[in-house]
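The values are calculated or read from the model by the stated rules, or taken from the named source; none is laboratory data. In this text the structure is predicted, and so the values were computed from the model without any measurement. All Cβ positions, glycine included, derive from the backbone under ideal geometry; neighbour counts span all protein chains shown.
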Amino acid sequence: MAVFIDVITGFLESGKTTFIQEIIQSETLKEYVKTLLIVCEEGIHSYDREDLKKQNIYMLNLEEYEELSEQLFITVMEDFDPDYIIMEYNGTWDITGLLSLKLPRYYKFRNIIHISEAGKFKHYLSNMAAIIQPQILNSDMVLFNRFDNLNRKEKKQLCGGVKNINPRTEVFFHRDLVQNKLKNYFVPYEKYQKVTPGMIILAVILLILCIIPFSVLEDMYDKMQSVSTVFLSILMQALPFILLGAFVSSAIQIMIPAGWIMSKFSKHNYSSFFFAAIAGFFMPICDCGLVPIVSGLLRKDTPLPQTITFWLTSAAVNPIVILSVIYAFPDRPWLAVLRILAGAAIGILVGLLLKVSNIQTKDVINKNRAYSAIGANMLELKYEGAAGKLTSVLDVAKTEFFRVTKYVIFGALVSSLFQSVMPDTLKSFIGGSILIQMLIMTVAAIFMSTCSTSNAFIGRSFYRDFAIVPVMSFIVMGPMLDFKNLIMLSEVLKKSFLVKLAVLVMVTGFFIFSVIHFSFSLNI
């Protein structure tokens, strides 16, 4: 039988001890024979060991982070032999270090619950992002305390801040969880059977398969075989490059200082647009990783037009992105130059239009929200010496690889479905108009949310059914119009401005690529 470990994390005085005491007092833990409470810090409130023992709950105190090790849990198993462990974790300790420990057989982490005082959460996000974000990224639940003075809108903003970091985590306000769902999370897993939406969907699919004629199933099998072939071919081509690109990207980030170039585009003259357009070369981060950097620049009052130019052009001049185009289109290496020129042209033109419109940063900033570091800021790295730099390169490469891969998998799946399932009549209709192709590719770029360092491979898979200019519009404009990134930036910039910006980018992009298509036609 599994021994589950529930981790309650949060900063000092966030309410961790009170929450655990509520769990104990609610008799939720009485279904366990022997419980071990591991306490990693002492707050204002404390536990009574004798009272705990009466309920077969034993307590172990840890003073230092170094005490957390694989040997610790082996000792716990031998000395206490618990059938359940709950940890009050120190909010300043690295949560990823704990979760990466190799546990004894049958020991499993189950719930990771982050507790925060509602009134201080935005402050923590703004000033302690490097500590709090890993906790939220690894949490299954975020629980807010002391929220009585907040209105409904402020609560919604707190939930939005959490979801921007970890969309999969659940968010509760203390009373709601304690009154309604507390027991569901802490009883022995075998005793809590829940009918999930996934189980219902699976049952419906199996029922449909039982009544579908065999001839239809055979045709479906052929289609799925075609989808899987295209899907795997895209992945086999993309993943080795993504792994290499992740290492090269992280090495450039660590080795090349980006401060000088960024100071140049922080000025208000027109030459600053040139520096803003090339700054992305020195920070080869995928487009989703650029969101926190843009957020930080706006917080420091960097001019809005130049900041937007930097954001839009970064994917085009990113050296990893350039190499990905060459690798994806080995027969047409000049497309890498086209991507650079088209991306830079769109970014600079949009920035200049914003400057001419005299739109100021203060006019579009979401003043009622914290300028938090949304996502992991890859530039905030601490290292000492050659060994420290090497470790940082490996850490960043690992993060970049796994962050990019999930978008490649999704994009490859959509692309393979499109190519294998779309009727030939629709393909011929699309093929008859370059404008329709560009429109479809632009819409696909918005909602597929493929990463800039890998979307060349997805674009290559569309090349069989679309002309090269619409495919390049997908590759270039994808990072600029990525729906996911726009949602993340809505924490910093007003939604009305983001909508106008998206429209401006689309119009500018259509103009640039129409010029390119016209130039190609003249050459033909």
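Condition check ((1) within 22 Å of Gly97 (Cα to Cα); (2) out of contact with any helix residue (DSSP H, G or I) (no Cβ under 6 Å at 6 or more places or on another chain); (3) among the acidic types (Asp, Glu)) across all residues:
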| site | (1), (2), (3) |
| --- | --- |
| Val7 | yes, yes, no |
| Tyr32 | no, yes, no |
| Glu42 | yes, yes, yes |
| Tyr47 | no, yes, no |
| Asn56 | no, yes, no |
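Scanning segment 110-131 for residues that are within 22 Å of the chain's Cα centre (by Cα) and modelled with pLDDT of 85 or more turns up Arg110, Asn111, Ile112, Ile113, His114, Ile115, Ser116, Phe121. Entry remark, segment 9-53: residues being in contact with a His (Cβ under 7 Å, 6 or more places away or on another chain) and either over 19 Å from Trp93 (Cβ atoms) or among the basic types (Lys, Arg) (or both) number 1 in total.
Restricting attention to segment 128-160, the residues that are over 21 Å from Tyr89 (Cβ atoms) and in contact (Cβ under 8 Å) with a residue 60 or more places away in the chain total 2. A count restricted to segment 107-153 and to residues that are of a type outside the set (Gly, Ala, Ser) and not in a strand (DSSP E or B) stands at 25. Evaluated against (1) in contact (Cβ under 8 Å) with a residue 40 or more places away in the chain; (2) at negative phi, Gly119 falls short on exactly one condition, (1). Do we have Thr92 as closer than 26 Å to Ala129 by Cβ, touching a helix residue (DSSP H, G or I) at 6+ places or on another chain (Cβ under 8 Å) and in a loop (DSSP other than H, G, I, E, B) here? Criteria met by Thr92.
Inclusion of Ile436 among residues that are at pLDDT 60 or above, of a type in the set (A, V, I, L, M), assigned to a helix (DSSP H, G or I) and under 23 Å from Ile322 (Cα atoms) is not warranted. When segment 1-52 is limited to residues that are assigned to a strand (DSSP E or B) and among the polar types (S, T, N, Q), the one that is nearest to Met128 (Cα to Cα) turns out to be Thr9. Given the structure, is Asn90 surrounded by 13 or more Cβ atoms within 10 Å (Cβ to Cβ), among the polar types (S, T, N, Q) and in contact with a Cys (Cβ under 9 Å, 6 or more places away or on another chain)? Criteria met by Asn90.
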